[in-house]
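A short worksheet on the structure shown next.
The values are calculated or read from the model by the stated rules, or taken from the named source; none is laboratory data. For clarity, every value in this text was computed on a predicted model and none was experimentally measured. Cβ coordinates were reconstructed from backbone atoms using ideal geometry, including for glycine residues, and neighbour counts include every protein chain displayed. Please note that ligands, DNA and RNA were not included when accessible areas were found on the heavy atoms of the full protein model with its side chains. Shrake-Rupley method; radii C 1.70, N 1.55, O 1.52, S 1.80 Å.
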Amino acid sequence: MPGLLVLMGSGETSPTMVEVHRSAARTLGRHPRAVLLDTPYAFQENAADITARARAYFARSVGLDVIAGDDVAGADWVFSGPGSPTYALDRWSAGPIGADLRARVAARRGVTVLASAAACTAGVAAVPVYEIYKVGADPHWREGLDLLGPLGLRVVVIPHYDNAEGGTHDTRYCYLGERRLTAMEAELPGDVAILGVDEHTAVTVDLDDGRVTVSGRGALTVRRHGAQTRFPAGTVTDLPGLTRGGGPATRAPAPAGAQVTLAELMAACAGRFEAALSAYDGPAAASAVLDLEAEIVTWAADTEADEGGVDQARDALRLMIARLGASAGRAERVVAAVVALRSELRAKGGYAAADELRRALAAAGVSVHDTGEGPRWAF
């Protein structure tokens, strides 16, 4: 069985990573034993929901029948993703799972996919994200699983490397920012480098021949003492190429293809919606609403919340629908006022002007019918 190690910066159960998962799964043949390690998020109240969404994503988008469990040693494919790196390390390091993960990589067997929080655990040290960013602990490292040591890499892995959620404050480098990362980098041994994996980006290591492929919408960054070498999506290199920061082993980047996040899709739909409202184009506004709803369905399995995720998109959708309803209400009031004016003109003998108003309403898609009980109109 071929061996692959896949590190993802984020988006592990989103449409952006489908092709990466499919490519890895194709190496396993039919009916592989696929295991989801839920440890990083097992403490969360919605853990069962995250597992259900992840399993549905892999079944629908990748064709993998995934079970939740901890039989890492006997699995052909192992996946672990969002949550807390330190919570996972506390349980994996003290039990057999950490040793089994190291053994899989060292034996160059099976597919091992670690994303987001789980990816943090793969190096010689790990970033305690929650403790530093949420609780306010002083910047420090936790001992990692060192899965990459058998591959000749003395590194720490930092997902969400290009995160920009902070807006007015620096949340790059898995929410550390430059100031804290610089302080922490100084505490690393001189031979340890940082592997930064951008959001919606995957780094696939072929454990048999050492080939390293960067996929997705971002880049892999190798950082040593503040100096950075960037490997954009489409780059193919090898393990020595990473350790020396590029060189002859690195081929020119190939086109990475269109990779769009939910936040970008939401912004595009919102822009179309605003333009349609400004142009009084109801069908175009409704089309933007329907397109956003379709994207929310597509991204429903995403277990991360980059830039707000599906919940923020649903909030935007509700606001758009409310505004569309308000716009329709205003249009109805305008039409009703014009129809009433037409009736007043007819009552005063202004039939020519009344007919002009009727033709104008018809051009705008409003039909008016005169009845014994007064005019009736409809869009």
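Per-structure values
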{"item": "Gained length - Phe379 relative to Arg314, 0.36 nm times residue gap less alpha-carbon distance", "result": "20.5 nm"}
{"item": "Two-site FRET efficiency, Ala286 against Phe43, from Cβ-Cβ distance with R₀ of 41 Å, rounded to 0.05", "result": "0.45"}
{"item": "Answer label for Kirkwood radius over Cα pairs in Å (calculated), chosen among [x] 23.4; [y] 20.8; [z] 22.0", "result": "[x]"}
{"item": "Range in the chain, longest, excluding exposed GluC sites (Glu not before Pro) [loop by DSSP; at most 16 other beta-carbon atoms within 10 Å]", "result": "188-372"}
{"item": "Rounded to whole Hz, the Karplus (6.51, -1.76, 1.60) HN-Hα couplings of segment 169-177, x for glycine and proline", "result": "10, 7, 10, 5, 6, 6, 6, 7, x"}
{"item": "Pairwise FRET efficiency - Arg211 versus Lys134, Cβ, R0 = 35 Å, nearest 0.05", "result": "0.40"}
{"item": "Heavy-atom accessible area per residue - the chain, 1.4 Å, Å²", "result": "45"}
{"item": "Estimated FRET transfer efficiency when R0 is 25 angstrom, pair Thr298-His31 (beta carbons, to 0.05)", "result": "0.40"}
{"item": "Taking only Cα atoms of segment 299-379, radius of gyration then Dmax in Å", "result": "21.0, 67"}
{"item": "Residues with amide H under 5 Å from that of Leu207, placed H, sequence gap 5 or more", "result": "Gly3, Leu4, Leu5"}
{"item": "Cα→Cβ-extended label distance, 7 Å offset, between Glu264 and Ala164, nm", "result": "1.0"}
{"item": "Integer Hz, Karplus 6.51/-1.76/1.60 couplings in order for segment 88-103, x for Gly and Pro", "result": "5, 4, 4, 9, 6, 5, 8, x, x, 5, x, 5, 5, 5, 4, 5"}
{"item": "Among Leu195, Leu114, Leu101: highest mean-square fluctuation, GNM of the chain, C-alpha pairs under 10 Å", "result": "Leu101"}
{"item": "Within segment 14-146: Cβ-based charge dipole about Cα centre, in debye rounded to nearest 20 (Lys, Arg +1; Asp, Glu -1)", "result": "600"}
{"item": "Distant-in-sequence amide H partners of Val155 (H built 1.01 Å from N, under 5 Å)", "result": "Val124, Ala193"}
{"item": "Top of Leu324, Leu292, Leu145 by mean-square fluctuation, Gaussian network on the chain, Cα under 10 Å", "result": "Leu324"}
